[in-house]
There are 2 protein chains.
Amino acid sequence: MTGKTPRRAVTIKDVAAAANVSRATAARALNGYGYAGEAVVKRVAAAAAQLGYRGNRVAQALRQGQMPIIGFVPGDIQNPFFARIAHDIDGQLRGSHHNLIIASSEESETQEQELLESLRTLNLRGLIVAPASSGENAHLHRLVAEHYPLVLVDRVVPDLPCDTVSVDNAGGAQEAVTYLIRHGHRRIGVIHDESRIVTAQERLAGYRKALVDAGLPVKPELMVVSQSTVEHAIDATIRLFNQRERPTALFTLDSLMTTGALLGLRTMGLQVPQDVSLVGFDDFAFATFTDPQITVVSQPVGKIGALAVRMLMDRISGHDGPPRHTRFPTKLIVRGSVAHVANP
Amino acid sequence: MTGKTPRRAVTIKDVAAAANVSRATAARALNGYGYAGEAVVKRVAAAAAQLGYRGNRVAQALRQGQMPIIGFVPGDIQNPFFARIAHDIDGQLRGSHHNLIIASSEESETQEQELLESLRTLNLRGLIVAPASSGENAHLHRLVAEHYPLVLVDRVVPDLPCDTVSVDNAGGAQEAVTYLIRHGHRRIGVIHDESRIVTAQERLAGYRKALVDAGLPVKPELMVVSQSTVEHAIDATIRLFNQRERPTALFTLDSLMTTGALLGLRTMGLQVPQDVSLVGFDDFAFATFTDPQITVVSQPVGKIGALAVRMLMDRISGHDGPPRHTRFPTKLIVRGSVAHVANP
DNA sequence: ACAGCATGTGAGATCGGTCTCCTAGTGGTT
DNA sequence: AACCACTAGGAGACCGATCTCACATGCTGT
């Protein structure tokens, strides 16, 4: 060990020289295409093994026009929902000799744009994106226009002609709120975020529809805005329940907000479900951990990543049909956080 | 829209042609090195903007020998601890024009090997790894021997000469168990995994040391093995507490096991801290969520990723000193899950 | 007027593979 | 003996960007 080996990788040229053949022949022998004599194949393989040849995927990618990599741009990798999807994508990809590159947009539109731009120039095979915004999204439209393989997960952008995998947010929310109404609740609060994010919009729409269908008024004072973090949700909950006429029930739009609501209610000394009934969108590990356990709208998280990959691979291998949209149904999981209230 | 635009990217050749200069000049104008006339620079810039030129990072990478990407190989991206670190790495990397590629080893040694092999051939700038095993790790040794920039996080491999960022697992565990001993506990159970993973080994060593230092026996029947999942930890807890002479306290080696222990104890009808005192390694969102809140050994998670990136960047930019090892101290966060017991 | 220098630009090599095209040798057929 | 089919392997183009080198200006100083 002389200490500083300047780390020069073994190239196919080295292998060819060692096996005493040309680069072309070495490549043929290693990759098993075209004609290659048995003796030569053996010699080349031996030389490659001996030198520890590993090929250079960058060079291969340049020649072939793309990298055997697909990109995933979630809203936030720390969100267990996206972590799970990332995990599933990774699993589904394994074996197809593709790597996964994860780059979180941190729910920032501009960051998302930069990331997509950056990933595009890497010549990835395709992208799976959960767009941070439902707004303009010119960058996504551009990708689609270029026929760049793209699948949207969780968040659907209206009018963007590409494959999507999502869940029935409106339906799930509607079911949850209807369930509360059936238990006699009339003043049902909701914590939602500013709803640049499509899923939040859809869930809020479901909340509205449930009320309207039941002939109940949609009251602005029952709808408080919060960012999707535990801390902000705590504040929002306290604001909501500090009103003169309190809600008797609360619906939260994602698991972080559900957590925040729970903590906020506890801070205020309000008991679930005696004082307040609670239903949250999105099941989460600790919903069964509390006392009482929380009633939630659960999404089939485990199916989303796998299906997205299948759709993407389909596109990559040339499928050129019209955009396909899959919406998984949600399921109301009844636990113990909702109580009946009497109506005067 | 004819429908099928075969997506041919704009190359520098196109830009050069449009600006009526040579490729070399176009490159100079765009990258601002060497001489370039003002008028030409403008013309080229205009042409590039007009055509939507974006450069091809694969080609650049081939020419320059490496990709502006660093890789992160965590044990499990679904583990909030690693998700947080991934998030921090990403943040720290942003602005230095590097992308992050995350590829989870799923705690499998062979998968880790394949991933590293695969990432190596992508000519990444460097790697941040949390090795799945403390065993042989020939693949890691090979990387180090090749002077491939490598930083280990969370899990230190003995004798591997590379930079590491970890926490004081032994010390933290020792502090936790000593804390239990001071509260009068003599039969202290521990749930640990098979400990291929270094952190688990170190934490278990801390448990042992605390007992030995206090002159207490280390009893095998108080140490149960469980995989690091909630489900397995529930089983392990039940096994542990089904013994004739029950432990009065329990120490768990990570947050998933703490969760499992809590659920297991609840199933058995045992109250924390009245029947059993509990301390967990690693703080987690829901430790403050339970009643009582859980006393834990917390790690400075937020510092690990950022420091790892700084160390890695340092190596990438040529630093060639001896391996540096940072161990962050842990902190015992006292909440309400430990009670005093009287000793006969 | 001409050397000497700073400046601007193009031709072509290069990175490490892949792949097309071409040549050469072998064996079989007529 | 002439021809063809087929196998084996080499030469060199190519992917897209960068960079060295050479060349062509125009300007200054003597």
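The values are calculated or read from the model by the stated rules, or taken from the named source; none is laboratory data. Given the structure is predicted, the values throughout are model-derived calculations rather than measurements. Glycine also receives a Cβ, built like all others from the backbone with ideal geometry; neighbour counts cover every protein chain displayed. Surface accessibility is based on the protein's heavy atoms, side chains included, excluding ligands, DNA and RNA. Shrake-Rupley method; radii C 1.70, N 1.55, O 1.52, S 1.80 Å.
Just a yes or no: is a residue in region A:187-198 modelled with pLDDT of 95 or more, surrounded by fewer than 20 Cβ atoms within 10 Å (Cβ to Cβ) and within 24 Å of A:Gly264 (Cα to Cα)?
Yes, some residue in region A:187-198 is modelled with pLDDT of 95 or more, surrounded by fewer than 20 Cβ atoms within 10 Å (Cβ to Cβ) and within 24 Å of A:Gly264 (Cα to Cα).
Can you name the number of the only condition in (1) near DNA strand D (Cβ under 9 Å from one of its atoms); (2) more than 27 Å from A:Ser166 (Cα to Cα) that A:Asn123 fails?
(2)
Restricting region A:270-282 to residues that are open to solvent by 10 Å² or more (accessible area, probe 1.4 Å) and more than 13 Å from every other protein chain (Cβ to nearest Cβ), which is nearest to A:Glu175 (Cα to Cα)? Don't jump to the end; show me each part of the working.
Initially, region A:270-282 is screened for residues open to solvent by 10 Å² or more (accessible area, probe 1.4 Å), giving A:270-275, A:282.
Subsequent filtering for residues that are more than 13 Å from every other protein chain (Cβ to nearest Cβ) retains A:270, A:273-275, A:282.
Numbers: A:Leu270: 25, A:Pro273: 19, A:Gln274: 22, A:Asp275: 22, A:Asp282: 13 Å.
Among those residues, the one meeting the criterion is A:Asp282.
Taking B:Val309 as the residue in question, decide whether it is hydrophobic (A, V, I, L, M, F, W, C), free of Cβ contacts under 8 Å to residues at least 40 places away in the same chain, open to solvent by less than 20 Å² (accessible area, probe 1.4 Å) and touching a helix residue (DSSP H, G or I) at 6+ places or on another chain (Cβ under 7 Å).
Details: hydrophobic (A, V, I, L, M, F, W, C): yes; free of Cβ contacts under 8 Å to residues at least 40 places away in the same chain: no; open to solvent by less than 20 Å² (accessible area, probe 1.4 Å): yes; touching a helix residue (DSSP H, G or I) at 6+ places or on another chain (Cβ under 7 Å): yes.
In short, no.
Out of (1) in a helix (DSSP H, G or I); (2) more than 28 Å from B:Asn56 (Cβ to Cβ); (3) away from every other protein chain (no Cβ under 12 Å); (4) more than 10 Å from DNA strand C (Cβ to nearest atom), the odd one out for A:Thr25 is which?
(4)
State whether the residues of region A:203-215 include one that is farther than 22 Å from A:Gly135 by Cα and under 29 Å from the mean Cα position of the chain (by Cα). If you could, list the steps in order and put the result at the bottom.
Applying the first criterion (farther than 22 Å from A:Gly135 by Cα) to region A:203-215 yields A:209-215.
From the residues that got through so far, the ones that are under 29 Å from the mean Cα position of the chain (by Cα) too are A:209-210.
Among the residues of region A:203-215, at least one is farther than 22 Å from A:Gly135 by Cα and under 29 Å from the mean Cα position of the chain (by Cα), which makes the answer yes.
Could you give me the residue pairs with C-beta distances under 9 Å whose first residue belongs to region A:110-131 and is away from chain B (no Cβ under 12 Å) and crowded, with 19+ Cβ neighbours inside 10 Å, whose second residue is of a type in the set (Lys, Arg) and part of a loop (DSSP other than H, G, I, E, B) wherever it lies, and which are 6+ apart or on separate chains?
Note: pairs meeting the criteria are A:Val129/A:Arg155; A:Ala130/A:Arg155; A:Pro131/A:Arg155.
Residue by residue through region A:156-185, note down the ones that are farther than 19 Å from A:Gly280 by Cβ and of a type in the set (D, E, K, R). Spell out the reasoning first.
Step one: list which residues in region A:156-185 are farther than 19 Å from A:Gly280 by Cβ, which gives A:156-165, A:184.
Residues satisfying the conditions are A:Asp159, A:Asp163.
Which residue out of A:Arg54, A:Arg43, A:Arg84 is within 14 Å of another protein chain (Cβ to nearest Cβ), open to solvent by 60 Å² or more (accessible area, probe 1.4 Å), more than 10 Å from DNA strand C (Cβ to nearest atom) and basic (Lys, Arg)? I'd like the intermediate steps shown before the answer.
Numbers: A:Arg54 fails: more than 10 Å from DNA strand C (Cβ to nearest atom); A:Arg43 fails: within 14 Å of another protein chain (Cβ to nearest Cβ).
So the residue among A:Arg54, A:Arg43, A:Arg84 that is within 14 Å of another protein chain (Cβ to nearest Cβ), open to solvent by 60 Å² or more (accessible area, probe 1.4 Å), more than 10 Å from DNA strand C (Cβ to nearest atom) and basic (Lys, Arg) is A:Arg84.
Scan region A:11-21 and tell me whether some residue there is within 12 Å of chain B (Cβ to nearest Cβ) and more than 16 Å from DNA strand D (Cβ to nearest atom).
Residues of region A:11-21 within 12 Å of chain B (Cβ to nearest Cβ): A:11.
Checking which are more than 16 Å from DNA strand D (Cβ to nearest atom) leaves us with none.
Taking every residue of region A:11-21 in turn, none turns out to be within 12 Å of chain B (Cβ to nearest Cβ) and more than 16 Å from DNA strand D (Cβ to nearest atom).
Identify the residue in region B:57-81 that is within 16 Å of DNA strand D (Cβ to nearest atom) and in a helix (DSSP H, G or I) and, among all such residues, is surrounded by the fewest Cβ atoms within 10 Å (Cβ to Cβ).
To start, the set of residues in region B:57-81 that are within 16 Å of DNA strand D (Cβ to nearest atom) comprises B:57-69.
Checking which are in a helix (DSSP H, G or I) leaves us with B:57-64.
Numbers: B:Arg57: 21, B:Val58: 24, B:Ala59: 17, B:Gln60: 16, B:Ala61: 24, B:Leu62: 19, B:Arg63: 9, B:Gln64: 12.
That would be B:Arg63.
Counting just the residues of region B:236-263 that are assigned to a loop (DSSP other than H, G, I, E, B), open to solvent by 10 Å² or more (accessible area, probe 1.4 Å) and in contact (Cβ under 8 Å) with a residue 40 or more places away in the chain, which one comes out farthest from the other protein chains (Cβ to nearest Cβ)? It would help to see each step written out before you state the result.
Applying the first criterion (assigned to a loop (DSSP other than H, G, I, E, B)) to region B:236-263 yields B:242-248, B:253-254.
Still in the running and open to solvent by 10 Å² or more (accessible area, probe 1.4 Å): B:242-246, B:248, B:254.
Now narrow it down to the ones that are in contact (Cβ under 8 Å) with a residue 40 or more places away in the chain: B:245-246, B:248, B:254.
Details: B:Glu245: 29, B:Arg246: 23, B:Thr248: 23, B:Asp254: 14 Å.
Across region B:236-263, the extreme among qualifying residues is B:Glu245.
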